[in-house]
Amino acid sequence: MAKDGSRAVSRGHAWYALGVLFFVALFNYIDRSILSILQIPLKKELHLADWQLGALTGLSFALFYTTLALPIARLADTRSRKGLMAIALTIWTGTTALTGFARNFTMLVLLRIGVGVGEAGCVPSSHSLISDYFPRHQRARAMAVWSLSLSIGSMLGFYLGGKLGAMLGWRHTFLVVGLTGLILVPILLFTVREPERGAFDGKTAAGEPGPSFAAAAGILWRLKSFRYMAMATAAHAYTQFAMTSWNAPFYDRVYHMKLATIGGFLALLVGVGGIFGTLVGGALADRLARKDPRWYMWLPAGATLLIAPFGMAQYFVNNASLSLMFAAGPAVLVAVYLGSVNSVSQSLVAANMRAFTSATLVLTVNLLGLALGPLITGAVSDLVVSRFGADSLRYAISISLVFNILASFLYLLAARALPSELKSPMHLRHPEGSADSLEATS
């Protein structure tokens, strides 16, 4: 792939490009989350156990999504980011469509791997592009706007999965949703410009090689704020994915709600709640951090901790309406961290390390959160189902809330190191004589 021809872009184009990246990411999360609601008819037709559903919604996707994110990010730090994203978009929407033809668990696993392979090229490239469209003091807000794709995409995934699944069946639903995403490929390729790398942070020339893989990993490890923040977000993601992956089966088994009804309620929760939490979290973090940058971590720490009591109430009240009312708390609080974490991770490193940094965060977060959260929760449900019956999911999901308490503590540790590392980024402090020292830094 040829190196990109990065160039300056206007403020108007920066916002337009952010909009296109938002819609690309929207299909990322639609295609990822639609399985969470469609696992209800999948289980019935293909006779799957809960651990198999957990493997489909988490492990099979996450292993390839996270491991391939690193080598793809290395390309994104020197090559055309929009070109990589166009290829990735084609792969994950195509394999989503093909999921409609799956006949057994093995075929489903292989196709979910395909979705993971494609989506591995989305987040690191997007984070890198956004950081070169917007200056540091606007990044948390811009990242928060882009991060709305998670809430809105999940909302549409639940809504379309519920509605189309009830109308067309799960097979045709995967086919329709997957093929629709292909429309964005030419829009991304022919209307979005590559921005100049590092334009707002002391230019790092487009295509200039960054540090080696080992040196880049060492830089990130020595950044205490990044290290603790990544571990905190991973622990938080364990709870987040356990809840989002198993909420639909929970309301199906415990409260006997219909598929379309579950899809509608969960779409409303993750959509409205996630949008509110993401926007308020990003704007509030930027505002508070003007006085003290530690607010970038303090805010997620508080929001994450509050999820535990709301979650316990959601899963243990004996009334469906009350349960959904309490579920509004986690729906909002679970998204508060997005703007802060994405912004801080990009501001700590040089421009030619941003995609790699984003991919490292993706790897850390998803290997624990996405890979293990749904899988272990499903396995626990299988383990206790003989004793608790349909209520097994109450206990299995609630166990995951412990990880949010751990996440809050780790965010506080990250906050302690953040001010000094933002003022004196680690990439400016390579050992003398290192062949991997950066010549152009942010």
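Miscellaneous remarks
- The set of residues from the stretch 266-287 being farther than 19 Å from Phe241 by Cβ and not β-branched (Val, Ile, Thr) comprises Leu268, Phe276, Leu279, Gly282, Ala283, Leu284, Ala285, Asp286, Arg287.
- Looking at Ala235, Ala260, just one residue is in a helix (DSSP H, G or I) and touching a Lys or Arg at 6+ places or on another chain (Cβ under 8 Å), and that residue is Ala260.
- Exactly one residue among Ala102, Ala76 is surrounded by fewer than 23 Cβ atoms within 10 Å (Cβ to Cβ), of a type in the set (A, V, I, L, M) and touching a Leu at 6+ places or on another chain (Cβ under 6 Å), and that residue is Ala102.
- Count - residues of the stretch 168-188 that are in a helix (DSSP H, G or I), surrounded by fewer than 22 Cβ atoms within 10 Å (Cβ to Cβ) and modelled with pLDDT under 90: 1
- When Leu412 is tested against (1) modelled with pLDDT of 90 or more; (2) touching a Gly at 6+ places or on another chain (Cβ under 8 Å), exactly one condition is not met: (2).
- The stretch 12-35, residues that are under 12 Å from Phe174 (Cα atoms) and out of contact with any Gly (no Cβ under 6 Å at 6 or more places or on another chain): Asp31, Arg32, Leu35
- Criterion violated by Phe226 - all others in (1) under 24 Å from Pro309 (Cα atoms); (2) at pLDDT 90 or above satisfied: (1)
- Qualifying residues in the stretch 67-83 (those that are assigned to a helix (DSSP H, G or I) and basic (Lys, Arg)) - the one farthest from Leu184 (Cα to Cα): Arg74
- Residue among Pro300, Pro309 that alone is at pLDDT 90 or above, in contact with a His (Cβ under 9 Å, 6 or more places away or on another chain) and assigned to a helix (DSSP H, G or I): Pro300
- Residue within the stretch 233-250 that is of a type in the set (Gly, Ala, Ser) and either surrounded by fewer than 21 Cβ atoms within 10 Å (Cβ to Cβ) or without any contact (Cβ under 8 Å) to a residue 12 or more places away in the chain (or both) present: no
- Test: Arg112 is surrounded by 24 or more Cβ atoms within 10 Å (Cβ to Cβ), touching a Leu at 6+ places or on another chain (Cβ under 8 Å), among the basic types (Lys, Arg) and within 20 Å of Trp246 (Cα to Cα): yes
- Residue within the stretch 145-167 that is modelled with pLDDT under 90, surrounded by fewer than 23 Cβ atoms within 10 Å (Cβ to Cβ) and either at positive phi or not in a helix (DSSP H, G or I) (or both) present: no
The values are calculated or read from the model by the stated rules, or taken from the named source; none is laboratory data. No experiment lies behind these values; they were computed from the predicted model shown. A quick note on method: Cβ atoms are made from the backbone with ideal geometry, for glycine too, and the neighbour counts reach across all protein chains shown.
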